[in-house]
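Heads up, the thing below is written out as structure tokens.
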Amino acid sequence: MSQDATPVSDSPFRSEPSARDTAPQFVLPLVVRIERGDPPARTDALETAARAVLTILSDERSDGEGAWARAMRDWQDARIRKVVRRARGAEWRRAEALPGITVTGTSAEVRVFPPVPLDGWPKDLARLQVSGTDLDDPEPPVDADPAVPVLWMNPDLGMSAGKAMAQAGHAAQLAWWELSDAERTAWREAGFPLAVRTADPARWSELTGAGLPLVRDAGFTEIAAGSCTVVADHPALRRAPYRSGGPAATRSE
């Protein structure tokens, strides 16, 4: 799949009002499997959600005349919204029966679906809960490999796992848009390796000022509008200026 980077003046990841706000609004649904008594680790769920977003962006059904291409274009022509819901047992099996892609991590399973209108969710997804996605890491995550992309979370914000999963997906999408076709192909063929880590408080201001893709929340849920949530630190973007001319900001759920 080939996409040109979105000009920063018309980015769906800016907080300023734009024509994108008047376009029909769509949402990218993600469902995380949380079985009773066997929940996934939080960091693995965040990383799996980010890879799920990259997987559907790069899927052939999302490009050209593919089955999901129109929905993907409509979604990306408006504000980029993602909502994470949870499922277990029969709920998960019903979700798996709908068109989408399941991405598996070490302990996490996340299914991503083509975008739907804000008020047009399939009933088997609409009935799933958004709340209850609080997850923990059994052990602190190891240091991220500097050779792979790292999505750095704001150390000063407390977010539910579902909220953080959506934010990690936003950051991965920003990085994807800024890469060349060759860089995207290499990342996809490697299986979209990435890490999600919470930044050291002393380094957060450095990261947000480094010209890397930056997610800024719209304030619909959990945190204040304008909060910087994630920096997408991809090795290819460290080597060159941020190609759209500066950090972008989200209008995110």
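By definition, a body whose alpha carbon gyration tensor gives a ≥ b ≥ c is prolate when a/c is 1.5 or more and a/b is larger than b/c, and the range 81-173 fits this prolate description.
One chain, two ends: THR104 and GLN129. Fully extended at 0.36 nm per residue, the span grows by 6.9 nm beyond their Cα-Cα distance. Hull volume per residue, based on the alpha-carbon atoms of the range 45-132 and their convex hull, is 105 Å³. Basic side chains Lys and Arg get +1 at the Cβ, acidic Asp and Glu get -1 at the Cβ, and with that the dipole of the range 65-158 about its Cα centre reaches some 680 debye. Annotation: amide H of HIS234 within the under-5 Å range of VAL150, sequence separation 5 or more or interchain, hydrogens built in the peptide plane. Taking the average, over residues, of other Cβ atoms within 10 Å as the packing measure, peptides 43-54, 186-197 rank 43-54, 186-197 from highest down.
Projected label points at GLU206 and ASP63, each 7 Å from Cα along the beta carbon direction, are separated by 3.7 nanometres. Taken one residue at a time, the phi angles of the range 154-159 give Karplus couplings (6.51, -1.76, 1.60, θ = phi - 60°) of 5, x, 9, 10, x, 10 Hz. Gly and Pro are set to x. A simple packing score, the average count of other Cβ atoms within 10 Å per residue, orders the peptides 64-76, 104-116 as 104-116, 64-76, with the highest score first.
For LYS82, the residues whose modelled amide H falls within less than 5 Å of its own, excluding neighbours fewer than 5 places apart on the same chain, are LEU28, GLU253.
Every read-out reported here was derived from the displayed coordinates using simple, explicitly stated rules and does not represent laboratory data. Since the structure is predicted, the reported quantities are computational estimates derived from the model, not experimental observations. Heads up, the Cβs are rebuilt from the backbone with ideal geometry, glycines too, and the neighbour counts pull from every protein chain shown.
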